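Taking it in order: structure first as structure tokens, then the write-up.
Just so it is clear, none of the values below were taken in a lab; they were calculated from the coordinates. Bear in mind the structure is a predicted one, so any value in this text is a computation, not a measurement. Cβ coordinates were reconstructed from backbone atoms using ideal geometry, including for glycine residues, and neighbour counts include every protein chain displayed.
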Amino acid sequence: MSDNEDFNQENSKATPEEGAESTQDSAQNGTAGRSLEAELEEARQKYLYLLSEFETYKRRMAKERLELFRNAGKDLVVELLPVLDDFERGLEVMGKSSDVVSIRDGVDLVYQKFKSILTQKGLQPIEAVGSDFDVEKHEAISQMPAPSPEQANKVLAEVEKGYMLNEQVLRFSKVIVGS
């Protein structure tokens with residue numbers, strides 16, 4: 001036999017083995033391909049599930065935020081209801097009574113109760129008269145000559161009281177400033 005014939009015989013012998021190996025490789029590739037496709041489909045399903053969960057979370061948070069804003073003043077209103085009741089009782093008594101002193105005392109009690117509730121919620125009046133004019137707290141609505149040089153650029157009178165809520169100006173004090 002010649003070298004070519006030996007080579008051909010070896011190749012023909014090797015070919016069935018290689019064919020079996022290639023069949024096994026293609027079977028493994030087919031199995032691996034199906035396995036990868038299954039993993040990909042599983043990953044897609046997980047992604048869709050998580051996306052759905054996230055969308056549900058966003059809707060729930062938006063709804064809760066809306067409810068929070070809608071009911072933000074609920075606590076304050078609940079605490080102010082007794083003051084409203086006191087005013088209603090006071091109005092009834094005013095219609096029947098002629099004792100001005102007791103009516104004034106009753107109104108003063110309701111005022112103190114109302115003021116106490118607002119103070120508990122963080123409301124503080126801005127002290128203005130006699131203090132230096134501060135553009136962060138005061139709104140000058142007029143100027144007048146200062147009675148003395150020490151009162152220049154000081155608040156001489158307060159036309160409307162200002163308030164701060166938790167260290168933030170809620171309403172500026174309207175004041176008259178000495179010049």
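Quick rundown of the values:
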read-out	value
Lysines whose Cα lies under 23 Å from that of LYS113, excluding same-chain neighbours fewer than 8 positions away	LYS74, LYS121, LYS161
Qualifying GluC sites (Glu not before Pro) in region 148-179, DSSP loop, other Cβ atoms within 10 Å at most 14	GLU167
Across LYS63/LYS137; LYS58/LYS137; LYS115/LYS137; LYS115/LYS174, pairs whose alpha-carbon gap is larger than 31 Å	LYS63/LYS137; LYS58/LYS137
Calculated from backbone phi, Karplus (6.51, -1.76, 1.60) coupling profile of region 51-61 in Hz, x at Gly/Pro	4, 5, 4, 5, 4, 5, 4, 4, 5, 5, 5
Span from the region 106-121 Cα centroid across to the region 148-179 one, whole angstrom	23
Convex hull (Cα only) mean projected area of region 73-121, reported in nm² to one decimal	3.3
Contour minus Cα-Cα distance for LYS46 and GLN112 (0.36 nm per residue)	17.7 nm
